[in-house]
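Accompanying notes for the structure given below.
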Amino acid sequence: MKKTLMWLIMVLSSPLCCIAQSKSFNQSLADSLAKWAVLDQTAAGIIDARLRALGTTRLQQYRDSVYALNGQRLKGVIRRYGFPGYDLAGKKGSHNFWLMAQHCDKDVPFQRQVLKAMKAELPKHNADPKDYANLTDRVLLNTGQKQLYGTQLTYRTDSCQAIPKPLRDSLSVNTRRKAIGLEPIEANLNWMSQLHFDMNKAAYEKMGIHAPKLLPEHP
């Protein structure tokens, strides 16, 4: 009996028994991810007039350098922790990691690595399925395939309308979107069309376009 109890104590105290447990929240990691994400969004959005003044070529070089730098940082996180889920970095920190990973388009093998690591966290409700859907589509397009969820968009500038990039089985897209927690694609496209119009209103009005082209939405 005593031997059995001692064996149980040894097993339960072993590091191996802790593998399935949640990771402890890491404030330092969450803070780093937030800091890196600010740099990422500055490069992606280019709201700084000094950056816009660089010109198209140098601007893209700046973006690429930011995405490459953050990509190396993210690889270090993956090597050390795996995918930083809610338990490790909080919802915001986990989202920030995904936000930067999706911009690593020149390193598709790494994006695939992140996607695989995220997928493992989904059954534990430790990662955002909507972020997973976005990265899935990104990786598919980056490898010459059609997207599944219609999250990656382009715009018809002659009518100010958001449209999905090449999409697999478009008639079933809303079924797939609903299963992973996304709103109907029509609602998302209309929202993005309106946002695109608002951000470029002066240019569109010069073209005689005073409102975006919207799709009918079904309840």
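The values are calculated or read from the model by the stated rules, or taken from the named source; none is laboratory data. A quick note: this is a predicted structure, and the numbers were derived from the prediction, not measured. Note that each Cβ is placed from the backbone with ideal geometry, even for glycine, and that neighbours are counted across all protein chains shown. SASA here: full protein model, heavy atoms, side chains in, ligands and nucleic acids out. Shrake-Rupley method; radii C 1.70, N 1.55, O 1.52, S 1.80 Å.
Numbers at a glance
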quantity	calculated
So Pro219, is it farther than 30 Å from Phe83 by Cβ, modelled with pLDDT of 95 or more and more than 19 Å from the chain's Cα centre (by Cα)	no
Positions within the stretch 139-198 being on the phi > 0 side of the Ramachandran plot, of a type outside the set (Gly, Ala, Ser) and surrounded by 19 or more Cβ atoms within 10 Å (Cβ to Cβ), in sequence order	Cys160
Residue count for the stretch 199-219, restricted to those that are open to solvent by less than 60 Å² (accessible area, probe 1.4 Å) and in a helix (DSSP H, G or I)	2
The one condition in (1) part of a loop (DSSP other than H, G, I, E, B); (2) closer than 22 Å to Gln27 by Cβ that Gly93 fails to fulfil	(1)
Leading residue by the ranking (nearest to the chain's Cα centre (by Cα)) among those in the stretch 101-159 that are in a loop (DSSP other than H, G, I, E, B) and of a type in the set (Asp, Glu)	Asp128
Gly55 open to solvent by 50 Å² or more (accessible area, probe 1.4 Å), at positive phi and free of Cβ contacts under 8 Å to residues at least 24 places away in the same chain	no
Long-range neighbours under 7 Å by Cβ, at least six apart or interchain, first residue more than 16 Å from Asn142 (Cα to Cα) and polar (S, T, N, Q) within the stretch 88-113, second open to solvent by 30 Å² or more (accessible area, probe 1.4 Å) and in a helix (DSSP H, G or I)	Ser94/Tyr86; Asn96/Ala34
Residue in the stretch 172-184 that is outside any helix (DSSP H, G or I), out of contact with any Asp or Glu (no Cβ under 7 Å at 6 or more places or on another chain) and modelled with pLDDT under 95 present	no
